[in-house]
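**Q** Got a structure for you, questions after.
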Amino acid sequence: VASCAVADERAVLLLTYDLALRASEIRALRADHVEGRTVYVKRSKNGAREGIGISRRTAAALRPFLVQARRDGHPAVFPAWNARRFARWFRQLVRRAGLPSHPGPPGDDPEAPHDVRDKGYSHILRRSRATHLIEAGADVKDVQRRLGHRSVKTTMLYLGLTEERKRAVDEIAAKMIDG
């Protein structure tokens, strides 16, 4: 968030991560889709619309854009944010943050479906959110709902393990054998 240049970038980044949104879902977000700290997301892949809670920080970053959209009578919260702008902005954000310019695993996983591998770096936020939720103790079915996947198999493709989590799992496995 510190690498975001302006307020709309911070709000879009927080929303994208918090709700695990696709770029097209950011563009489709309307002011009337937000009630307090619940955002009613219409998923671009399956058309489902579901209320998902957001953090106080995300709600605070979003609030001025909701007020502006309602004041201007524009239904879209971020009318200028199409998928192309989102992709371009995200590449710039990655450079400003000093991160690698190409996504690493699981996006480079040859076993992953072609459409998952080709999503680009911005889709890493969805994968990161899924991994972080699982590592924090969320049930995979709840993560599936948050990502808007029809199948838990798709959600499983998004999950990665951090090095810390890999070590913890190795220790658990060793304790099971060692007693």
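The values are calculated or read from the model by the stated rules, or taken from the named source; none is laboratory data. The model shown is predicted, which means the values in this text are computed figures rather than measured ones. Reconstructed Cβ throughout: ideal geometry from the backbone, glycine too, with neighbour counts over all protein chains shown. The area values use the complete protein model at the heavy-atom level, side chains included, leaving out ligands, DNA and RNA. Shrake-Rupley method; radii C 1.70, N 1.55, O 1.52, S 1.80 Å.
**Q** In segment 130-153, what residues are β-branched (Val, Ile, Thr), surrounded by fewer than 16 Cβ atoms within 10 Å (Cβ to Cβ) and under 21 Å from Gly47 (Cβ atoms)?
**A** Of everything in segment 130-153, just one residue is β-branched (Val, Ile, Thr), surrounded by fewer than 16 Cβ atoms within 10 Å (Cβ to Cβ) and under 21 Å from Gly47 (Cβ atoms), namely Val152.
**Q** Do we have any residue at all in segment 12-22 that's closer than 19 Å to Ala130 by Cβ, open to solvent by 40 Å² or more (accessible area, probe 1.4 Å) and under 17 Å from the mean Cα position of the chain (by Cα)?
**A** Among the residues of segment 12-22, at least one is closer than 19 Å to Ala130 by Cβ, open to solvent by 40 Å² or more (accessible area, probe 1.4 Å) and under 17 Å from the mean Cα position of the chain (by Cα), which makes the answer yes.
**Q** Please go through segment 43-72 and pick out each residue that is over 25 Å from Leu147 (Cβ atoms) and touching a residue at least 60 places away in the same chain (Cβ under 8 Å).
**A** none
**Q** If you take just the helices (runs of 4 or more DSSP H) that sit entirely in segment 34-150, which of them hold at least 2 residues that are modelled with pLDDT under 90 and farther than 30 Å from Val169 by Cα?
**A** Ranges flagged: 83-97.
**Q** Output the residues belonging to segment 155-179 that are within 16 Å of the chain's Cα centre (by Cα), open to solvent by less than 50 Å² (accessible area, probe 1.4 Å) and modelled with pLDDT of 85 or more.
**A** Thr155, the sole residue that qualifies.
**Q** Is there a residue in segment 73-86 that is in contact (Cβ under 8 Å) with a residue 40 or more places away in the chain, open to solvent by 60 Å² or more (accessible area, probe 1.4 Å) and within 19 Å of Arg145 (Cα to Cα)?
**A** Checking segment 73-86: not a single residue is in contact (Cβ under 8 Å) with a residue 40 or more places away in the chain, open to solvent by 60 Å² or more (accessible area, probe 1.4 Å) and within 19 Å of Arg145 (Cα to Cα).
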